[in-house]
Every structure is written in structure tokens, then in C-alpha cells.
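The values are calculated or read from the model by the stated rules, or taken from the named source; none is laboratory data. If you're wondering where the values come from, they're calculated on a predicted model, not measured in any experiment. Here the Cβ positions follow ideal geometry from the backbone for every residue, glycine too, while neighbour counts run over all protein chains shown.
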Amino acid sequence: MNIPPLTPVGDPANETFTINLGPQHPATHGVLRVKLEMDGEFIKNAQPVPGYIHRMHEKMGENRTWAQFLPNTSRIDYLSAMTYTHAFVGAVEKAAKLEVPIRAEYIRVITSELNRISSHLVGWGAWIMDLGGFTPILYAFDDREKILDMLEEVTGSRLTYCYYRFGGVCDDVDEKFIRSAQEFVPYMRKRLEMYKKLVTGNIIFRKRVEGIGPISAEMCRKYGACGPVLRGSGVKYDVRRAEPYSIYNQFDFEIPVYNECDSMARYLVRMDEIEQSCRIIEQACAKIPEGPIQGKVPRVLKLPVGDTCFATECGRGRFLVRVTSDGGENPYRVRLRTPCFTNLTLFEEASEGMMLADALSLMASLDLVIPDIDR
Amino acid sequence: MSISVEQLAKEFEPLAVKEMVQLPPAIVPKPAPAPKPAAPAAATAAPKSATPAEGASIAAKPAAAPAAPSVSAPVPAATPAPKPAAAVAPKPAAPVVPAAPPPPPPKPVQIWKFEEKGLHLEVTVESTKVVEAAQLLDTHGFAIDAVTGMDWPKQELLEVIYDFLHFESGMRVAYRARIARNDPKIATISKVFPGADWHERETHDFFGINFVGHRDLSPFMLPDDATYHPLLKDFKA
């Protein structure tokens, strides 16, 4: 019996097909869609399609007062809300020339760094889960819980903190908080050791991240990548050092840098940053002075005419707030430049020619938070 | 290897606009705080003097009028008039003192104090020279930070703002270009900095600015069928 030959539609060797990753997919950590043009198992082109949970925060900024917009900023990257409110508060303080008492600055540093650790812990656990290891995220959430409890006690919220105010913080911390922060540092260090044994040296994990997803320093520059992605590419840039804000220049800490440019480098940067945050918390808790926590702020806040920029180093990188005032009670324009947005811009170029499973490892190493991209 | 702010400012000189209108000029007529408190004070003084405005006006020019309507008015009117005047005098003095002199209008090439603005250098470039400006920053090793827009409906202008930063020196540079609001067109810099691709697409979404040469300006953050530009000031949801 003769089987008729299949009618070739095109050249089967060069046939590509398009698949959608997301918008509802566990590996995208939220509502992000990636349009993939696949050549077999290899990616020919990957187009991220954000915007599914776009909320137009920038427009919201224009139709409410400066103080009313403040809680919005903690909803952008909900995992490191402290640093986000810090950027907006800092921009307004810079423009209005408000004084911040020194104790408030110490409180800001301690809470920001605690928040950074909790943010990295989620990123760490979720990343390993993307790669198929379910245990670490449970450990991570266990440790994160301790931080959330601590912060809940002083801020009143567990995730979307709105603790910082123009000119200070809204409530003072007590001895108990300082003590628990001090006790947390050695605890976290012990856990880091365990994490390293559990994951960092794990051969299955290393095979999935070493040499995967190379992002060169030049590429980071052209795309404006920031945070651990940038430092994993061998660029020693940290907003806390490059554009020192608050009282970060008074602390002794290092900027972890790795030159391998792969996912493993970005992983190691994050692990080292947890240690560096511990160091900052340790120093700040030892030195925190007594005093007021809130400076003088006019009841009706009006900023002088003009633009002011303020950037902070968030869990995921550089968050820039550019506020423009026309002298009125409401902002004229609030520009929010978020780290995940710029880090994702390079995904299209970086993922070209990769296997799909490796691209997911690369995407997990960018540590995306989708509301941060969409705003 | 990193360049100084002054040097960079000099290199930006040929790209900058020759003269610029300060934005927002809506605020410029305002900085005359001195007469402002005096006016409401006078208004409050007028109703206070029980015998109406007549008395005040007569008191103001005592030499011209006194003889003719002399009978009832002059004596009581003369006494209340100086009272509100005395009460008014210290009032405006207090608010006048803290009023700072208005800052000088920014120049096309403006060097800022970083502690005040969060920027080292800000340049208003010709709208035809944005790509050259990006290339200039590229050769000096700057990284792209953000691209965004700004709407000035009263002046019929749209502004595009480009933010850059330097990894080694930490220098922050921004340049801005102004384009007509009714025909917002500007060249794309995504050929120089591919990172600008998304920023420009987003700016097109929000402001309707047409980045000429951009590979894809379809709605990005907004729904696929969006025809509106929400960050324009006249947008009503």
C-alpha cells in the first residue's frame, strides 16, 4: 500500500510556531503574557506583553494631593513597599526642603533593610519553585513571617506599608522592635548558611542557572537594567552609594558584584545582599539615637514650581520618582520609573536563541513583580 | 574616563535651544505677594467701619472735600479711618518677610545642585536633535534611565523628557525637547538605546506622541483598542 506523502506547508526545517506564555501562568509570577515565537524548543523571538493590571498610578497622582498619593506608591511593588514610599517621600522632602529628624532616618533605614530581606526571600523562594524545588519557598516564607510580624507591630500593615511620612515616620518604634531586629540578624545569618547548603551548592539548581541567560554590562547600560541584574553583570552600581539618600553614607556595607553575568551571578548577588542588609540593620540598631520622629511640615503642602528627582535602591533595583509641581496642592506630574520595567525590556534580546526552559530560568532571575511593570 | 558636568554642559551647548519660554508661565504672574495681603485687608476694613464706604473715601482725600458735605461726615469719619489703617499696616508686614525672591528662570543648559534637584545637568534641546543628544551621552558611557512626557495645554506644547545616569560616576543628566501639541512628532532614540523602545511606546500610549521610526507604537499598557491618551490634561475618564 502506498502512503501519499504529506503535502509540505513550508520548509519543515524552518517552520516556527507561536505560543503564549501567560497571561495566567505560574512562571510569570503574575499577569504577564509573553508571546513566544518558537523554533522547536528554541526561542526565536520573545515579546513580553505587559499591561494586564495597569492602574495608571501616574494619572492618579495628578488628581489628588501629595499626601493622598503616598499610599499609592506602596502598591507598585508590593514586596518592597518601604523603599517605594521612601522614594516618593524623599522626592517631596527634597522639593519642599523639609527636615527629617535623625531618629526617623534611622528608623527608615532599619525598616527598609528588613523589607529588602523579606523581598529577597520571596524572590529566592519563588525562583527555586520555578525551577521545580518546592521546599525552599516554605523556608523563605517562614523567615519572612518573622520580618512581617516585626514590621506589622510598628507599621500596622504586613505588606503595603505606608509608614513613612513627609518629614519623618508616622509612629515611633519601641525597644522591643529594636531588640527583635537585633535578634533577627544572627538568626538570619544562621538561616543563610542553611540556604547555601540547601540550594546554592545543589547540583540540580546549579545546572539550571550557571551560564544561563547571559546579560552583559553593555547590554545593561543600553537597556537601563538595574539592581541585582546589573550587579550580576559586574557593574558596581547601587543607588545607596551612587546617589546617597537618607543616612546610608554613614553605614559600612559592601556592594556585592559578580562578573559571571549569568543567572547564578544574579542569585549570588541577592544572597550577599541579604547579608549586607543584616550588617546595616546591626549598625543602625546599635547607633539609633533618641529624639523626635517627625519634622515640621506645613498643613497644606505646596511644592515650589519645577521638577525634582529622587531615586532609591529597592529590592529589584533603582526606583526613580520624578515629581513636577506647578505650585498647586496637587502634583502636576508624577513619573514613576520602576526597576522591573527596565529589567524586562532586555528580555527580548537576552532570550533570543535560548531553550524555553532556560528562558524561564532567566526570567525568574530578573525577579519580576508584575504590578511594578504595569503600574 | 567619566566626564565632568561642566565639560558635558559645554558639549551640549550646540544641541540646546537658543532661547526658551519658561514653563509653566501660568505661575509667573503670581510672584507679587506684597499687594495681595493688603487687598483683602482693605476689603475687611471697609465693611467694619459702620458708616459705609463713603467715610473711607472722604478720609482718603481730606483736602479736596471737607468744606461741602461738612455737616455730618467729617468728624466721625476721620476718627475710624486711621484705626483700620493702623490695624492693616502690621498685617501685610508679616507675610512679606518670608516670601523668598523668585528663582531665576532655568537656562537651556542648566547645571543643578544634586542635593536640590536630584539632577546634575538638565538641557532643553532642539526637538530635531534628540538623537544626537542620545548619541552624545552614549559615547560618554551613560545608561538610559527613563523617557517620559509632559503636557502643557496652555502653551500648546508637549515635552519629552529623557533621563540618563552614569554607572561609574553616578552623574544624572536629563534633557528635554518641546514639540507642538497639535502635531506631536519626534524622532525615536531606540536605535541608540534599545531600552528606550518600551519607554517611548509607553509615552505614546499616555501622551499620543508619535516617535518617528519606532518599530511598534501599538497600545502597550492600555487596552488593544485604546484611542485615548490618559495623561493629557484634557483627558476625562
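Here are the numbers for the structure shown:
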item: Filtered residue count, the range A:269-290, keeping only those that are closer than 18 Å to A:Arg208 by Cα and surrounded by 20 or more Cβ atoms within 10 Å (Cβ to Cβ); result: 2
item: Residue selected from the range B:177-208 under the condition in a loop (DSSP other than H, G, I, E, B) and among the charged types (D, E, K, R), by the criterion surrounded by the fewest Cβ atoms within 10 Å (Cβ to Cβ); result: B:Asp183
item: Among residues of the range B:122-176, those that are of a type outside the set (A, V, I, L, M) and crowded, with 21+ Cβ neighbours inside 10 Å, counted; result: 15
item: Residue under evaluation A:Lys176, criteria (1) farther than 26 Å from A:Phe310 by Cβ; (2) surrounded by 14 or more Cβ atoms within 10 Å (Cβ to Cβ), criterion not met; result: (2)
item: Residue within the range A:281-296 that is over 22 Å from the mean Cα position of the chain (by Cα), β-branched (Val, Ile, Thr) and away from chain B (no Cβ under 14 Å) present; result: yes
item: Candidates B:Ser190, B:Ser218, filtered to the one that is at negative phi, touching a His at 6+ places or on another chain (Cβ under 8 Å) and within 11 Å of chain A (Cβ to nearest Cβ); result: B:Ser190
item: Index of the failed condition, A:Arg335 passing every other in (1) within 24 Å of B:Leu222 (Cα to Cα); (2) buried (at least 24 other Cβ atoms within 10 Å of the Cβ); (3) at pLDDT 90 or above; result: (2)
item: Evaluation of A:Asn343 against (1) within 14 Å of chain B (Cβ to nearest Cβ); (2) within 22 Å of A:Val173 (Cβ to Cβ); (3) assigned to a helix (DSSP H, G or I) (one fails), failing number; result: (2)
item: Cross-chain or 6+ apart pairs with Cβ under 7 Å, the range A:17-45 first and under 19 Å from A:Ala364 (Cβ atoms) and at pLDDT 85 or above, then part of a strand (DSSP E or B) and among the hydroxyl-bearing types (Ser, Thr, Tyr); result: A:Lys35/A:Thr18; A:Leu36/A:Thr18
item: One residue from A:Ser325, A:Ser365 being out of contact with any Cys (no Cβ under 7 Å at 6 or more places or on another chain), crowded, with 23+ Cβ neighbours inside 10 Å and within 10 Å of another protein chain (Cβ to nearest Cβ); result: A:Ser325
item: Selection count where residues are out of contact with any Pro (no Cβ under 9 Å at 6 or more places or on another chain) and either surrounded by 24 or more Cβ atoms within 10 Å (Cβ to Cβ) or modelled with pLDDT of 90 or more (or both), scope the range A:104-136; result: 16
item: So A:Met56, is it at pLDDT below 90, of a type in the set (A, V, I, L, M) and closer than 17 Å to A:Ala350 by Cβ; result: no
item: Lone unmet requirement of (1) within 14 Å of another protein chain (Cβ to nearest Cβ); (2) surrounded by 17 or more Cβ atoms within 10 Å (Cβ to Cβ); (3) in a loop (DSSP other than H, G, I, E, B) for A:Cys261; result: (1)
item: Matching residues in the range B:130-147 - criterion: being part of a loop (DSSP other than H, G, I, E, B) and more than 12 Å from chain A (Cβ to nearest Cβ); result: none
item: Residue tally, condition away from chain A (no Cβ under 14 Å) and among the charged types (D, E, K, R), over the range B:114-129; result: 2
item: Set A:Arg165, A:Arg208: member being touching a Ser or Thr at 6+ places or on another chain (Cβ under 6 Å), surrounded by 15 or more Cβ atoms within 10 Å (Cβ to Cβ) and charged (D, E, K, R); result: A:Arg208
item: Any chance A:Ile255 is buried (at least 17 other Cβ atoms within 10 Å of the Cβ) and away from every other protein chain (no Cβ under 14 Å); result: no
item: Residue match in the range A:82-98 (condition: without any contact (Cβ under 8 Å) to a residue 40 or more places away in the chain and of a type in the set (S, T, N, Q)); result: no
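Table: residues versus (1) more than 22 Å from the chain's Cα centre (by Cα); (2) farther than 22 Å from A:Thr345 by Cβ; (3) within 12 Å of chain A (Cβ to nearest Cβ); (4) of a type in the set (Phe, Trp, Tyr).
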residue: B:Gly149; (1), (2), (3), (4): no, no, yes, no
residue: B:Ile161; (1), (2), (3), (4): no, no, yes, no
residue: B:Phe164; (1), (2), (3), (4): no, no, yes, yes
residue: B:Phe167; (1), (2), (3), (4): yes, no, yes, yes
residue: B:Tyr175; (1), (2), (3), (4): no, no, no, yes
residue: B:Arg181; (1), (2), (3), (4): no, yes, no, no
residue: B:Ala196; (1), (2), (3), (4): yes, no, yes, no
residue: B:Glu200; (1), (2), (3), (4): yes, no, yes, no
residue: B:Asp205; (1), (2), (3), (4): yes, no, yes, no
